[in-house]
Every structure is written in structure tokens, then in C-alpha cells.
1. For the range 38-49, what does the Karplus curve 6.51 cos²θ - 1.76 cosθ + 1.60, with θ = phi - 60°, yield as ³J(HN,Hα) per residue in whole Hz, taken in order and with x for Gly and Pro?
2. Using all C-alpha to C-alpha distances in the range 3-126, build P(r) with 5 Å bins and read off the rounded percent in each one.
3. For the chain, which longest stretch is free of loop sites, where a loop site is one of the GluC sites (Glu not before Pro) that DSSP puts outside H, G, I, E and B and that has at most 16 other Cβ atoms within 10 Å?
4. Where the only charges are on Cβ atoms (+1 Lys, Arg; -1 Asp, Glu), what is the dipole of the chain about its Cα centre, to the nearest 20 debye?
5. So which residue, out of VAL68, VAL24, VAL51, gets the largest mean-square fluctuation from a GNM of the chain using Cα contacts under 10 Å as springs?
6. Calculate one ³J(HN,Hα) per residue across the range 117-127 by plugging θ = phi - 60° into the Karplus curve 6.51 cos²θ - 1.76 cosθ + 1.60, and present them in order as whole Hz with x for glycine and proline.
7. Given GLN114, HIS5, SER36, which one lies farthest toward the positive end of the charge dipole of the range 3-126, if we put +1 on the Cβ of every Lys and Arg and -1 on the Cβ of every Asp and Glu?
8. Excluding PRO105 itself, what net charge comes from residues whose Cβ is under 11 Å from its Cβ, given Lys and Arg +1 and Asp and Glu -1?
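Please treat every number below as a calculation from the coordinates, not as lab data. Worth saying up front: this structure is predicted, and the values here are computed from it rather than measured. As a convention, Cβ positions derive from the backbone with ideal geometry for all residues, glycine included, and neighbour counts pool all protein chains shown.
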Amino acid sequence: MTSFHKVVLFTDGDGYARFRDEVVSLSEGTPAALLSPLMTCDGYQLRQSPVGFRSEFHCTGAPQWLFVLQGRMEIGLQDGSTRDFGPGEHFYSADTLPEGAAFDPQLHGHRSRQIGDQPLVTLFVRG
């Protein structure tokens with residue numbers, strides 16, 4: 001494998017959150033340990049969400065990677081579609097509020113919830 005699969009949650013031109021898939025080239029390192037170019041970050045946070053956690057629709061405050069360490073997480077979009085992420089899975093959350101817009105919970109953002117019988121543990125890496 002010479003690339004890394006990056007799932008991106010973003011705000012489309014119409015204001016709705018959507019998913020897209022991108023490829024990150026693993027162009028550095030050695031054949032035994034391929035690496036992406038170095039990416040900067042502004043810090044990280046760990047979060048534990050109890051069984052039954054669910055959020056209302058919201059936008060990401062600042063673009064960040066989200067890695068699921070334990071449990072399962074469902075991300076729901078305004079169009080009714082969902083994607084589930086489990087341990088070791090990730091996405092890049094960049095569905096920020098469009099500049100100059102006032103948040104509309106019927107249009108903007110995504111919702112998230114813990115699914116299954118294990119608490120959800122996630123790692124957020126800003127940048």
C-alpha cells in the first residue's frame with residue numbers, strides 16, 4: 001500500500017455536511033515503513049462518552065482528526081445518511097460553519113452518537 005485512505009467530513013457549498021474520500025500519499029520513509037509527509041497539529045484531546053451518548057446537530061469548531069479507540073460511533077448527516085466508525089477507524093472532521101452564516105440545525109452540521117454496549121473513547125487531533 002502506498003497511500004492512506006482519508007475519510008473527510010466537510011461542509012459543501014450548499015451548507016450541508018457531506019463525506020468524501022481522499023488519498024494521502026505515503027511518499028516518505030522506507031519500503032519497510034512508509035510515511036506520509038509530516039502534518040502539523042495544534043494539540044489533542046481524549047474523550048470518553050458513556051453508553052447512550054448522543055449529540056444534537058452541530059458543526060466542528062475547528063478542523064480535526066477523530067480516531068476511535070474503543071466502542072463504536074455513528075455520524076449522521078442532515079440527509080439521513082450515517083457512517084459508523086469502530087476501534088482503529090478515523091475521519092477528518094472539517095464541517096465548519098460557513099463564514100458569515102448563523103447556525104441552522106436543520107441545515108448545518110452532523111450529529112454523533114455512541115452505539116453498542118461499550119463506552120466510546122475517542123482521540124481528537126486538532127490541525
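1. Along the range 38-49, the couplings run 5, 10, 7, 9, 9, x, 9, 9, 9, 9, 10, 10 Hz.
2. For the range 3-126, the pair-distance distribution reads 2, 10, 18, 22, 19, 14, 8, 4, 1, 0.
3. Result for the longest clean stretch: 1-55.
4. On the way: 10 positive and 15 negative charges, 68 e Å.
Dipole about the Cα centre, nearest 20: 320 debye.
5. VAL24
6. 3J(HN,Hα) across the range 117-127, in whole Hz: 10, 10, x, 9, 10, 10, 10, 9, 10, 7, x.
7. Towards the positive end, the residue furthest out is GLN114.
8. Here the charged neighbours net out to -1.
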